[in-house]
Amino acid sequence: MSKYVLGHDLKGEGKRLALMSELLDPMHRQHIEALSVVKPGARTLEVGCGNGSISAWLAERVSPGVSPGGEAVAVDLDLSLIEARAPNLELRQADIVAGPVESGSFDLVTARAVLHHVADAEAAIKNLVASLRPGGALLLIEPDFLPVSVVEPPDVRAFWQGWLEWAQECGVDYQVGRTLAPRLAGLGLIEIGGTAETAIYNGGSRWADYWTMTITELRDDLISSGKLNDALVDTFLRYCADSTWWTQTIAFTAVHGRAPRA
């Protein structure tokens, strides 16, 4: 895996992950529910679980009340920011590039905003697919920065261009989502489909808060890379505080597929 640019050791990372969950969990849950595989007694796997919010929700779904048998497994390189606990929620520290979590074991496998940080995305995807039971569903959600390439005004576009150059230098691939459908087809999955979703937001909104927090955490790295300067970062942060400025965020590409039944 490439060096994760937003490590859990950063001072504000717990708060940033909580805000990310607030913004993205509703979409993530909706895509999972549409797959109709998460039922009492099912086994689910989330890779790159962050603060564990989706895995905790899955644990409730697969073992509601006193229903026995279901299990949610949450995997990350660093489990230090997971506060959720449940009898049927298992936390594992592991690297998905190294191998499947459990071959042929899960009704649902999902990962959100993970693969664009992975140096060997092909190996990671193969291992995610290998973790599926026959008939199990895989859901991958990755960001794509295409919408910000046309945002206004020009100095905001210049900020994002610098961001993308910095990301590429760090080994972050913001185009991996576009490659997911053919990759899944090549690995034998069926019923493949997906959508890309972007949020319209203004300065002072929760999305603007998210970017303010993220850029503040990464500011030193951004400036030292030479791809951005203090003036451009400050300009973008001012837009994020201006309620009259409207824009749209990155597109979240959600792609799903199903393992053939035996």
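Observations on the model:
- Residue in region 110-132 that is open to solvent by less than 30 Å² (accessible area, probe 1.4 Å), at positive phi and not in a helix (DSSP H, G or I) present: yes
- Qualifying position, being among the basic types (Lys, Arg) and surrounded by 15 or more Cβ atoms within 10 Å (Cβ to Cβ), among Arg261, Arg219: Arg219
- Matching residues in region 77-87 - criterion: being open to solvent by less than 60 Å² (accessible area, probe 1.4 Å) and either touching a Phe, Trp or Tyr at 6+ places or on another chain (Cβ under 9 Å) or farther than 15 Å from Glu13 by Cα (or both): Asp78, Ala84, Ala86
- Candidate set from region 91-109 (those that are in contact with a Ser or Thr (Cβ under 9 Å, 6 or more places away or on another chain) and farther than 23 Å from Gln30 by Cβ); member that is surrounded by the most Cβ atoms within 10 Å (Cβ to Cβ): Ile96
- Here Val156 meets each of (1) open to solvent by 20 Å² or more (accessible area, probe 1.4 Å); (2) over 17 Å from Gly177 (Cβ atoms); (3) part of a helix (DSSP H, G or I) with one exception, condition (1).
- Complete set of residues in region 166-195 that are among the aliphatic types (A, V, I, L, M) and either crowded, with 18+ Cβ neighbours inside 10 Å or within 19 Å of Leu17 (Cβ to Cβ) (or both): Ala167, Val172, Val176, Leu180, Ala181, Leu184, Leu189
Listed here are the residues, each with its yes/no results for (1) at pLDDT below 95; (2) more than 30 Å from Ala130 (Cα to Cα); (3) touching a strand residue (DSSP E or B) at 6+ places or on another chain (Cβ under 6 Å).
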site	(1), (2), (3)
Gly162	no, yes, no
Arg178	yes, no, no
Glu197	yes, no, yes
Gly203	no, yes, no
Thr212	no, yes, no
Gly226	no, yes, no
Ala254	no, no, yes
Gly257	no, no, yes
Ala262	yes, no, yes
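- Restricting region 1-18 to residues that are touching a Ser or Thr at 6+ places or on another chain (Cβ under 9 Å) and of a type in the set (A, V, I, L, M), the residue that is modelled with the lowest pLDDT: Leu6
For (1) touching a strand residue (DSSP E or B) at 6+ places or on another chain (Cβ under 7 Å); (2) modelled with pLDDT under 95, each residue gets a yes or a no:
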residue	(1), (2)
Ser80	no, yes
Ala111	yes, no
Ala124	no, no
Ala137	yes, no
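- Checking the stated criteria, Ser205 turns out not to satisfy the condition of being hydroxyl-bearing (Ser, Thr, Tyr) and open to solvent by 60 Å² or more (accessible area, probe 1.4 Å).
The values are calculated or read from the model by the stated rules, or taken from the named source; none is laboratory data. What you are looking at is a predicted structure, and each value in this text was computed from that prediction instead of being measured. So basically every Cβ, Gly included, is an ideal-geometry build from the backbone, and we count neighbours across all protein chains shown. Ligands, DNA and RNA are excluded from the accessible area calculation, which covers all protein heavy atoms including side chains. Shrake-Rupley method; radii C 1.70, N 1.55, O 1.52, S 1.80 Å.
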